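Worksheet for the structure shown next.
The values are calculated or read from the model by the stated rules, or taken from the named source; none is laboratory data. Note that the structure is a prediction, hence the values are computed from the model and not measured. Cβ placement follows ideal geometry from the backbone for every residue including glycine, while neighbour counts extend to all protein chains displayed. The area values use the complete protein model at the heavy-atom level, side chains included, leaving out ligands, DNA and RNA. Shrake-Rupley method; radii C 1.70, N 1.55, O 1.52, S 1.80 Å.
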Amino acid sequence: GSDSNDGLTPSTAWRTIAKVNSATFNAGDSILFKRGETWREQLTVPSSGSAGSPITFGAYGTGANWIINGADDLAGMEWTKYSGSKWQTPLTTEPHQVFFDGVRGTKVASVANVTSDKNWFWAGNVLSIYSATAPGTAYSSIDASVRANAIIGAGGNKRYINVDSVEAMNTNDHGIDVNGNNYWTITNSVARGAYKKGISFNSATGTVISYCTAYDNVGATGGYSGIGASGATTALISHCLIYS
């Protein structure tokens, strides 16, 4: 795709989520993402739908869900040996999680404690990790969570939104953050690898979550949390699979 396209057909698709975030949509519009593709951006829903005419963020094509990854892959970055098997690279955003070939690493208290496989530490805009050999050859991916959410409503109270067939993963906060936004429906989706909740809908009204899977979410604010909320009203959760 290209952000200079009109975005109205698969052959004239937009390229980035940033283009979606900067657009204005009307009630009943559908914004469709190609199945099997991955975006390392945050979708910040810019517009509200209306009762009976929601705005839908869904999928087109065949295959797996479209993916929003809240982490940046640092495997290809320039790494400098600090000492022994400790390596460092610049990273301006503090990550709450680092994944090594998809496996969550262990954060330690200081650079001095980076002594075992998949140990990591961040301070002063520098990420330090343990790697027996150069990180770019030892791992095919080193994903550092740098975006708070995969999907969130801009400014709160984005109403009547449908989210379908997305995989939200490896975020610094929640995967899908409905908090303060009313009448969202989330279907056929996966939320995994969030530092807090996979799907959170605090202080939201009319949330519907169905046929979704939430797993491997740290639940940093109170234990493992796949789907959770406080202060929410008239919510429906059905046909979901939730596990640690």
Expected vector for region 71-79, Karplus 3J(HN,Hα) from phi with 6.51, -1.76, 1.60 and θ = phi - 60°, integer Hz, x for Gly and Pro, equals 10, 9, 8, 9, 4, x, 6, 7, 10
Excluding residues fewer than 8 places away in the same chain, name every one of the aspartates and glutamates whose C-alpha is closer than 17 Å to that of residue 81. 117
Distance from the Cα centre of region 87-120 to that of region 189-244, in angstrom? 26
Given charges of +1 on the Cβ of Lys and Arg and -1 on the Cβ of Asp and Glu, with all other atoms neutral, how large is the dipole of the chain about its Cα centre, in debye to the nearest 20? 300
When each of 34/196; 34/107; 118/196; 107/158; 19/197; 158/197 is checked by Cα-Cα distance, pairs over 25 Å: 34/196; 34/107; 107/158; 19/197
In whole Å, what three semi-axes, largest first, describe the equivalent ellipsoid of region 73-170 built from its Cα gyration tensor (square root of 5 times each eigenvalue)? 31, 14, 11
What is the antiparallel percent of DSSP beta bridges lying wholly in the chain, to the nearest 5? 30
Could you state the number of Å between the C-alpha centres of region 129-167 and region 19-62? 18
Using a 10 angstrom cutoff on alpha carbons, build the Gaussian network for the chain and name the most mobile of 209, 129, 31. 31
What's the long-distance tail for region 1-129, i.e. % of Cα pairs beyond 19 Å? 60
Value of D in µm² per second that Stokes-Einstein yields for region 107-162, Kirkwood Rh from Cα pairs, at 20 °C (1.002 mPa s): 151
Under 5 Å, built H, 5+ apart or other chain: amide partners of residue 171: 70, 194, 195
Mind checking the log10 I(q)/I(0) for region 184-241 at q = 0.17 Å⁻¹? Debye, one equal scatterer per Cα, no solvent, two decimals. -0.49
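When you have a sec, figure out the Kirkwood radius of region 15-82 from all distinct Cα pair distances and drop it here in Å to one decimal?
14.0
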With n ≥ 4 as the cut-off for DSSP H runs, can you work out [θ] at 222 nm for the chain, using -39500 (n - 2.57) per run divided by the number of residues, rounded to the nearest 500? -500 deg cm²/dmol
So which chymotrypsin sites (Phe, Trp or Tyr not before Pro) in region 1-108 end up in coil per DSSP with only 15 or fewer other C-beta atoms within 10 Å? none
In whole Hz, what ³J(HN,Hα) sequence does region 221-234 give by Karplus (6.51, -1.76, 1.60; θ = phi - 60°), x for Gly and Pro? 8, x, x, 4, 9, x, 9, x, 6, 9, x, 8, 10, 6
Would you please report the Å³ per residue occupied by the convex hull of the alpha carbon atoms in the chain? 133
So for region 1-106: antiparallel DSSP bridges make up what percent, rounded to the nearest 5? 45
Is there a quick way to get the dipole size of region 1-80? I mean about its Cα centre, with the Cβ of Lys and Arg at +1 and of Asp and Glu at -1; what is the value in debye to the nearest 20? 240
Residues of the chain: accessible area per residue at 1.4 Å, in Å²? 44
FRET efficiency for residue 5 and residue 244, Cβ-Cβ distance as r, R0 = 45 Å, nearest 0.05? 0.60
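So what are region 103-244's ellipsoid semi-axes, whole angstrom, largest first, if each one is the square root of 5 times an eigenvalue of the alpha-carbon gyration tensor?
The equivalent ellipsoid of region 103-244 has semi-axes of 33, 15, 13 Å.
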When only C-alpha pairs under 8 Å and at least 6 residues apart count, what is the relative contact order of region 116-231, in percent? 19
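Loop-only check: which trypsin sites (Lys or Arg not before Pro) in region 49-136 are DSSP coil with at most 10 other Cβ within 10 angstrom? Write down the numbers at each step before the final one.
On the way: sites: 81, 86, 104, 107, 118; in loops: 118.
Counting only loop positions with at most 10 other Cβ atoms within 10 Å, none of the trypsin sites (Lys or Arg not before Pro) in region 49-136 qualifies.
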Amide H to amide H under 5 Å from residue 105: which residues, 5+ apart in sequence or cross-chain, H placed 1.01 Å off N in plane? 98, 99, 100
So which residue, out of 72, 177, 29, gets the largest mean-square fluctuation from a GNM of the chain using Cα contacts under 10 Å as springs? 29
